[in-house]
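In what follows, a single structure is set out as structure tokens and then discussed.
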Amino acid sequence: MAVSVVDLDRLTAAGVRSGALAGKPITVLGLARSGIALARFFADAGAEVTIYDGRAASELESAIDMLGGRRMDLRLGPDVQPASTWTGATLIATSPSINPDFPTAEPHLRAALRAVVDANRRDPTSAPALVSEADLFLRLCPCPTVGVTGTKGKTTTSSLLTALLATDAAHPAVLGGNIGIPLVERLLELTPEHRIVIELSELQMPTLSRGTTVAVYTNVTADHLDRHGSLERYRAVKRRLAEMVDPDGALVLNADDPVVAGYASIGTADVVTYRRGPAAAGGLGVEGGWILARNVVRPAATGGGPGRPEIGGRIMPVAELAIPGDHNVSNAMAAIAAALLFGLSPEAIRAAAGTFSGVEHRLENVAVVAGVRFVNDSQGTQPDAVIAALRAFPKPLVLIAGGRDKGVDLSGLGPVAAQRADAAVLIGESGPTLARMFRADGVPRVELASSLDDAVDRADAIARDLMAAAEPAAGASAEPSGEATVVLSPAAASFDMFVDYAARGRAFRAAVASLAERRNGEGSAR
């Protein structure tokens, strides 16, 4: 039987403002961050909103409070049949983790959604339309967008790019997506003059029906194989943003990453490459200690006019970047390339990039406690990210790692840890496995800790042992070693001990603060 559905291809932001969704029955699946934003958006547009979540209401009290008292039908708990919540609905809207193909949704919800997808394929009027929060935003957004994705580095790149774009007061910059706010929350206030940076994860991209004006790639290695089943399927998902980019826009690609470099032949959009070596024509590189652009052309979709003049020349010295590590030189060039495409001057880019010190939970300097620097890299859940963290700091260096195994090959991590780290303190479910691997690969000192607090205390003690051993003997002329570094970079998910990586990062900061307080009591913290 045909049902009245929302025609997503005809829906516009102006239409929503004019009441196109008023009175429409709409079901929102999931009462996490994106689901809350969707529910508020639809309710404020006058829709009749039903919310489904398999968790009990007692587990969702804070989420329910965030609905702000709006009138909605809450269908919560494990006894609710998902399909019953969209009977008569014109639209089903989902959080990114709710997908008929991913194990991030409960089996009975996946099955019910699969039936909706199959019904729509047979007859688009036989079931409600289905849309994700990210796809709804891109369908309705009135201004240029930059999608940033990659296995690692996308948060730093997205945040830096937003800081660069924000230097142009005529074009307000907004950051969201996988980082910050769900962008649907800002949708109805946006104008064509805004510029949107949207961080996109592999959870969001399979749900997209269209791309962004500019697509920026950091790298594509291996991650979330527990979700995708194989490296090939993971890479296919990551490739989607390049496949859907605006033909009048641009692809910004890491030429040092062979997978990402291969995207240059996709479609007809302009391609801007970046690399840590000499710049290629139409790209960015590093020459003589400077980040340099060579023959970069601004595309039509970002304001390139007749003649499309080339952009070239020195942008800034690498040494002025405030974010540490060679990998962050690559991330900075990705952001700078996109900023150039939107017409920012090298002078504005240099000033803003030189003051950008990074993002929370990604090589975040937490504190220096009596000569030991503590670094929060809780987002380092994948081996390439941990390797980058190990290479970002000098010895003496102690690594804290461990958590829930993500099904990713970690064999390449051990040799780098043996070369770069003086010790490793390991936690969580994967701690014993990592301990065996690190010992076999020759990490000089490996310990298991019962908790993150215990790991911070053990790492601090080891760091002080290393600093003491490096002090010159009495009468020697050698300089003392200075600081040691303890870096939390887990090479694992957080879910065995914490709700997410951010909670783990906050717990690390709290443990360091407690340590500092104790050492302050001893008169030795600074």
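I'm trying to understand the selection: among the residues of the range 60-108, which are surrounded by fewer than 13 Cβ atoms within 10 Å (Cβ to Cβ), at pLDDT 90 or above and either of a type outside the set (Gly, Ala, Ser) or outside the structural domain of residue 127 (by TED's automatic domain parsing) (or both)?
Of everything in the range 60-108, those that are surrounded by fewer than 13 Cβ atoms within 10 Å (Cβ to Cβ), at pLDDT 90 or above and either of a type outside the set (Gly, Ala, Ser) or outside the structural domain of residue 127 (by TED's automatic domain parsing) (or both) turn out to be 61, 65, 70, 71, 73, 78, 79, 81, 87.
Which condition number in (1) within 20 Å of residue 140 (Cβ to Cβ); (2) without any contact (Cβ under 8 Å) to a residue 60 or more places away in the chain; (3) in contact with a Ser or Thr (Cβ under 9 Å, 6 or more places away or on another chain) is the one that residue 51 fails?
(1) is the only condition that residue 51 fails.
Given the conditions (1) touching a strand residue (DSSP E or B) at 6+ places or on another chain (Cβ under 8 Å); (2) surrounded by fewer than 24 Cβ atoms within 10 Å (Cβ to Cβ); (3) part of a helix (DSSP H, G or I), report the number of the one that residue 418 does not fulfil.
In the conditions (1) touching a strand residue (DSSP E or B) at 6+ places or on another chain (Cβ under 8 Å); (2) surrounded by fewer than 24 Cβ atoms within 10 Å (Cβ to Cβ); (3) part of a helix (DSSP H, G or I), residue 418 misses (1) alone.
May I ask you to say which residue of 374, 356, 393, 438 is aromatic (Phe, Trp, Tyr), in a strand (DSSP E or B) and either over 27 Å from residue 234 (Cα atoms) or touching a strand residue (DSSP E or B) at 6+ places or on another chain (Cβ under 8 Å) (or both)?
374
Scan the range 164-181 for residues that are at pLDDT 90 or above and in contact with a Ser or Thr (Cβ under 8 Å, 6 or more places away or on another chain) and jot them down.
173, 174, 175
Which ones in the range 258-274 are surrounded by fewer than 20 Cβ atoms within 10 Å (Cβ to Cβ) and assigned to a loop (DSSP other than H, G, I, E, B)?
If the condition is that a residue be surrounded by fewer than 20 Cβ atoms within 10 Å (Cβ to Cβ) and assigned to a loop (DSSP other than H, G, I, E, B), then 266, 267, 268 are the ones that fit.
Working carefully through the options 191, 221, 207, find the one that is hydroxyl-bearing (Ser, Thr, Tyr) and either crowded, with 24+ Cβ neighbours inside 10 Å or over 30 Å from residue 45 (Cβ atoms) (or both).
Answer to the selection: 221.
Could you say whether any residue in the range 145-158 is more than 21 Å from residue 377 (Cα to Cα) and assigned to a loop (DSSP other than H, G, I, E, B)?
No.
What is the one condition in (1) of a type outside the set (A, V, I, L, M); (2) under 26 Å from the mean Cα position of the chain (by Cα); (3) at pLDDT below 95 that residue 41 does not satisfy?
That leaves (3) as the condition not met.
In the range 309-342, how many are part of a loop (DSSP other than H, G, I, E, B), of a type outside the set (A, V, I, L, M, F, W, C) and surrounded by 15 or more Cβ atoms within 10 Å (Cβ to Cβ)?
Qualifying residue count, the range 309-342: 2.
Report yes if some residue within the range 38-49 is acidic (Asp, Glu) and in a strand (DSSP E or B); otherwise report no.
Yes.
The values are calculated or read from the model by the stated rules, or taken from the named source; none is laboratory data. Everything quoted here is computed from the prediction, not taken from an experiment. Don't worry about glycine lacking a Cβ; one is built from the backbone with ideal geometry, like all the others, and counts go over all protein chains shown.
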